[in-house]
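Novice: Sharing a structure below in structure tokens format, with a few things to ask.
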């Protein structure tokens, strides 16, 4: 087995911090290959019950009445909870707009309405069928642009609008920049929701101690964030909530505690007085579990001088938030702003809207907002290169950000080696040699080709 670098020697010699080209042992490899690794589904506590969730069949409806009496009488059922058993606090990562169990109305198919804890999963699911819910269906809206209309049905009446967030950025004069440009390119791009689909679905095990402290075993990616959100939603002190993370069978952003699984599990263990396990089925994972990538519609317009210097960029972006905010505002912010840092744009205008719709809430996925926006922006750069008769690499090198550049948001670029990165990547894949035959060199198959793109992603900032 090859050993990795010594941490102490790395401190004395920063150059030894590089791990490129070295073989490093996986610290969890032995447990996983021998089957000793413990996942949340493997956890069994004495007296543990199984949980199941009743979900809304409607995208938008008022809850007129819930009758749980028949479910409570079913042999083996130990607890049934509804919104009446919660502190009725809404919670969220950026915006506190999401109930633990639906309060007065539901806003998407799959939203949690009630939950059951029973001696086994079959009994819990049977009890769900005995819960009677009287709904009054309401008009629903599924397209974010339609949801922005003044006469669209409102998801959150108290807000007075379906627009969850707006970002406007203006630097310079884009209208003048376009008027003075020799080449104008523009296009509209539309991305779609994308689910994480890890091998392991979201799940948790909850237990209250006699002194009222809550312990949750959950496959979250964000332990301390989860503790804060759970404590808030349950009206508890953070010091009374303990999160234990077993092995996680894939997450990719989908297990960053945007969903209600652990909260419902905690409610059931509080109501039953016994530990409870709640594991999403695969269907539930798609209905209301991991929050899919935020769908976006992005219009991009750019202007260039004949020599290739970019003069201005304008973007209009509409993002589908779904029924509740979760991490979508953070993703939305990245998609609206971060692409302004990769190139030296003298004039910029961005108009972005994050919009509520009657669909599953959207959220974090690998790249956290970069892929959707950069996909649109970088394709527009390629369109510009073709219109200018330039190699896309040369166009990128001509306009690439450098140390000292101040972004449209007032951020000074201190460290940046984008040009060096582009040149090295081009060298490694023999970019220029392959393009000698033309802008679209022969590919080995219709599904193979070559291309390049940049995507600025900042390093974490120091806290405190």
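The values are calculated or read from the model by the stated rules, or taken from the named source; none is laboratory data. Just so you know, these numbers come straight off a predicted model, no measurement behind them. For neighbour counting, all protein chains shown are included, and Cβ atoms are generated from backbone atoms with ideal geometry for every residue, glycine included.
Novice: Condition first: over 21 Å from residue 203 (Cα atoms) and either surrounded by 11 or more Cβ atoms within 10 Å (Cβ to Cβ) or touching a residue at least 12 places away in the same chain (Cβ under 8 Å) (or both). Now tell me which residues in the range 29-59 satisfy that.
Specialist: From the range 29-59, those over 21 Å from residue 203 (Cα atoms) are 29-30, 33-34, 57-59; that's our starting set.
Result: 30, 57, 58, 59.
Novice: For the range 122-135, which positions are over 14 Å from residue 75 (Cα atoms), over 31 Å from the mean Cα position of the chain (by Cα) and not in a loop (DSSP other than H, G, I, E, B)?
Specialist: 132, 133, 134
Novice: Right, another one. Just to be sure, is residue 128 assigned by TED's automatic domain parsing to the domain that holds residue 55 and in contact (Cβ under 8 Å) with a residue 60 or more places away in the chain?
Specialist: On the way: assigned by TED's automatic domain parsing to the domain that holds residue 55: yes; in contact (Cβ under 8 Å) with a residue 60 or more places away in the chain: yes.
It is true that residue 128 is assigned by TED's automatic domain parsing to the domain that holds residue 55 and in contact (Cβ under 8 Å) with a residue 60 or more places away in the chain.
Novice: Which residue is farthest from the chain's Cα centre (by Cα), if the candidates are limited to the range 228-255 and must be over 20 Å from residue 85 (Cβ atoms) and buried (at least 23 other Cβ atoms within 10 Å of the Cβ)?
Specialist: If we take residues in the range 228-255 being over 20 Å from residue 85 (Cβ atoms) and buried (at least 23 other Cβ atoms within 10 Å of the Cβ), then 255 is farthest from the chain's Cα centre (by Cα).
Novice: Which residue pairs have Cβ atoms under 6 Å apart, sit 6 or more places apart or on different chains, and have a first residue in the range 218-238 that is closer than 16 Å to residue 290 by Cα and a second that is assigned to a helix (DSSP H, G or I)?
Specialist: 218/262; 219/40; 220/226
Novice: Just the residues that are crowded, with 21+ Cβ neighbours inside 10 Å and in contact with a helix residue (DSSP H, G or I) (Cβ under 7 Å, 6 or more places away or on another chain), please, taken from the range 362-373. Steps first, please.
Specialist: Taking the range 362-373 first, the residues crowded, with 21+ Cβ neighbours inside 10 Å are 362-365, 369, 372-373.
Answer for the range 362-373, where residues must be crowded, with 21+ Cβ neighbours inside 10 Å and in contact with a helix residue (DSSP H, G or I) (Cβ under 7 Å, 6 or more places away or on another chain): 362, 363, 364, 369, 372, 373.
Novice: Return only the number of the condition from (1) surrounded by 12 or more Cβ atoms within 10 Å (Cβ to Cβ); (2) assigned by TED's automatic domain parsing to the domain that holds residue 328 that residue 439 does not satisfy.
Specialist: Here residue 439 meets the rest and fails (2).
Novice: Could you go through the range 67-85 and let me know if any residue there is at negative phi and under 27 Å from the mean Cα position of the chain (by Cα).
Specialist: Yes, the range 67-85 contains at least one residue that is at negative phi and under 27 Å from the mean Cα position of the chain (by Cα).
Residue-wise test of (1) out of contact with any strand residue (DSSP E or B) (no Cβ under 9 Å at 6 or more places or on another chain); (2) surrounded by 14 or more Cβ atoms within 10 Å (Cβ to Cβ).
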| residue | (1), (2) |
| --- | --- |
| 144 | no, yes |
| 150 | yes, no |
| 153 | yes, yes |
| 164 | no, yes |
| 179 | no, no |
| 183 | no, yes |
| 209 | no, no |
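Novice: I'd like to know if the range 62-75 contains one or more residues that are out of contact with any strand residue (DSSP E or B) (no Cβ under 7 Å at 6 or more places or on another chain), modelled with pLDDT of 95 or more and surrounded by 20 or more Cβ atoms within 10 Å (Cβ to Cβ).
Specialist: No, the range 62-75 has no match at all.
Novice: Go through (1) within 30 Å of residue 178 (Cβ to Cβ); (2) at pLDDT 95 or above for residue 340 and report which single condition fails.
Specialist: All conditions pass for residue 340, except number (2).
Novice: Sticking with this structure for a sec: Across the range 397-412, which residue is farthest from residue 303 (Cα to Cα) among those that are assigned to a helix (DSSP H, G or I) and out of contact with any helix residue (DSSP H, G or I) (no Cβ under 6 Å at 6 or more places or on another chain)? Step through it out loud before you land on a result.
Specialist: Step one: filter the range 397-412 for residues assigned to a helix (DSSP H, G or I), giving 397-399.
Going one step further and asking which of them are out of contact with any helix residue (DSSP H, G or I) (no Cβ under 6 Å at 6 or more places or on another chain), we end up with 398-399.
Working: 398: 15, 399: 13 Å.
That would be 398.
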